[in-house]
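Please read the structure below before turning to the comments.
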């Protein structure tokens, strides 16, 4: 899906939903924001990076300042929860092993799964895996959290827990959140700015 006439602004610590039918371009827009897809025309700036002129070598730096939460968690299943955290920190430039361990444990504590630090991901419930995924997204204290259907694979009760958690940790970490979702009940329960993707454009709507 090609998006055009997109006018999107998200302020510091602001929460916004991205809604729209499957295939409308929600995920594509998120991928443009974190450098997975190129911005062909127009202008785009994310946390100080120009998406039109960003070079391939600068995309890893962009992603260090953006936390990404996926619907299917995308945890590394061959290592423990804490090893998932330390791997990301090492891959994003952290060198001091004590600081790596400290930061990893602090984000796990923030999302309430520090007691699962030495457990393998497959032994966790879906809700616990998503908490770990949120912790991973917070590791580098991102200015922006992008969440792509983060409650899509969870039951309604767990989905509400994850929503409360996302809002709370974003406030704690002073991160803005842009969350793609198709769950309008969740949008109504947790009111925030709503941006609809459709017919190639993005418009703010009331739900």
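For residue 100, are the conditions met, namely being modelled with pLDDT of 90 or more and out of contact with any helix residue (DSSP H, G or I) (no Cβ under 6 Å at 6 or more places or on another chain)?
On the way: modelled with pLDDT of 90 or more: yes; out of contact with any helix residue (DSSP H, G or I) (no Cβ under 6 Å at 6 or more places or on another chain): no.
No, not satisfied.
The residues on offer are 129, 141, 115, and the sole one that is more than 21 Å from residue 72 (Cβ to Cβ) and assigned to a helix (DSSP H, G or I) is 115. If you go through the stretch 157-183 and pick out every residue that is in contact with a helix residue (DSSP H, G or I) (Cβ under 8 Å, 6 or more places away or on another chain) and either in a helix (DSSP H, G or I) or in contact (Cβ under 8 Å) with a residue 60 or more places away in the chain (or both), you end up with 18. Is it the case that some residue within the stretch 18-40 is more than 19 Å from the chain's Cα centre (by Cα), within 30 Å of residue 195 (Cβ to Cβ) and assigned to a helix (DSSP H, G or I)? Within the stretch 18-40, not a single residue is more than 19 Å from the chain's Cα centre (by Cα), within 30 Å of residue 195 (Cβ to Cβ) and assigned to a helix (DSSP H, G or I). I'm trying to understand the selection: among the residues of the stretch 22-41, which are surrounded by 12 or more Cβ atoms within 10 Å (Cβ to Cβ) and farther than 19 Å from residue 65 by Cβ? Listed by number, the residues that qualify are 24, 25, 26, 27, 28. Here residue 103 clears all of (1) within 27 Å of residue 187 (Cα to Cα); (2) surrounded by 16 or more Cβ atoms within 10 Å (Cβ to Cβ) except the condition numbered (1).
Which of the residues belonging to the stretch 142-164 are surrounded by 19 or more Cβ atoms within 10 Å (Cβ to Cβ) and over 14 Å from residue 71 (Cα atoms)? Once the filter is applied, which keeps residues that are surrounded by 19 or more Cβ atoms within 10 Å (Cβ to Cβ) and over 14 Å from residue 71 (Cα atoms), the stretch 142-164 yields 142, 144. Residues in the stretch 42-84 that are in a loop (DSSP other than H, G, I, E, B), over 19 Å from the mean Cα position of the chain (by Cα) and surrounded by 14 or more Cβ atoms within 10 Å (Cβ to Cβ): 54, 79, 80.
Does residue 4 meet the test of being touching a residue at least 40 places away in the same chain (Cβ under 8 Å) and more than 17 Å from the chain's Cα centre (by Cα)? Lay out the reasoning, then the answer.
Numbers: touching a residue at least 40 places away in the same chain (Cβ under 8 Å): yes; more than 17 Å from the chain's Cα centre (by Cα): yes.
Yes, satisfied.
Sort out which residues of the stretch 96-112 are farther than 19 Å from residue 159 by Cβ and not in a helix (DSSP H, G or I), and write them in order of number.
Residues of the stretch 96-112 farther than 19 Å from residue 159 by Cβ: 96-110.
Within the stretch 96-112, 96 is the sole residue that qualifies.
The values are calculated or read from the model by the stated rules, or taken from the named source; none is laboratory data. What you see is a predicted model; the values in this text were computed from it and never measured. Positions of Cβ are generated from backbone atoms using ideal geometry, with glycine treated the same way; all protein chains shown enter the neighbour counts.
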